[in-house]
Amino acid sequence: MTTLGKYLGGGCSFGAFGGRNDIMCLFDPTSPKFLSHAGTFNNNVLTMAAGCAALSQVFTEEIADDLYARGEALKAELNGITREMGKSLQATGTGSIMCIHSVGGHVRTPADVADPLPDCGKLLYLELFMLGFAFAQRGYISLNLAVTDNDMSEFARAFADVIDIHGELWE
């Protein structure tokens, strides 16, 4: 099953789901034992218009590709900083969605990112928040179209400064 929300609704209330044919057939209203699907967001014309405009005029394929590349560049820069400083800290993710983990080594499973010192991640979050950078306390970062290259450079610089100040925590 795949569920989708505001992303496809251009930020407006929206919900959609889809999946394998054998699952989706259960929702076929022509079937005698179908599962009904009533929803607050069904047939919302405003949401559909906003989603169509967002995906065709604002978040075009070119802009999506650019955002993806910019996210990959930021992730590489953060990982370069931690490698250069020799710290057990890394960013993982894909494109504009990433997470900072207080671990070194290869990350292949959720167990690989179990934070041995969870307060270190909170410290990183608070220090960067105090410098004007907001992201999820668990280390989750999601770039959006309003984030500039300068914003990302300043974030990377602040990230390096915080690691430099508290570097012994990630030895």
remark   = Filtered pair list for the chain (Lys only, Cα < 27 Å, 8 or more apart or interchain) has a length of 4
request  = For the chain, find the longest principal axis of its Cα atoms and tell me its angle to the long axis of helix 149-166, 0 to 90°, nearest 10.
outcome  = 50 degrees
Simple Cβ-charge dipole of the chain, Lys/Arg +1 and Asp/Glu -1, about Cα centre, in debye nearest 20 = 720 debye
remark   = Helix 118-130 sits off the longest principal axis of the Cα atoms of the chain, rounded to the nearest 10 on a 0 to 90 degree scale, by 90 degrees
inquiry  = More than 23 angstrom separation, counting every C-alpha pair in region 61-170; what % is that?
reply    = 22 percent
query = Of L74, L131, how do they rank once you tally other Cβ atoms within 10 Å and put the fewest first?
reply = L131, L74
ask   = By how many degrees, between 0 and 90 and to the nearest 10, does the Cα long axis of helix 61-85 differ from the longest principal axis of the chain?
value = 30 degrees
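Any read-out appearing in this document is the output of simple, stated calculations on the displayed coordinates, not a laboratory observation. Bear in mind that the values here come from a model prediction, so they are computed numbers and not experimental data. Because the Cβ atoms are built from the backbone with ideal geometry, glycine has one as well, and the counts that use them run over all protein chains shown.
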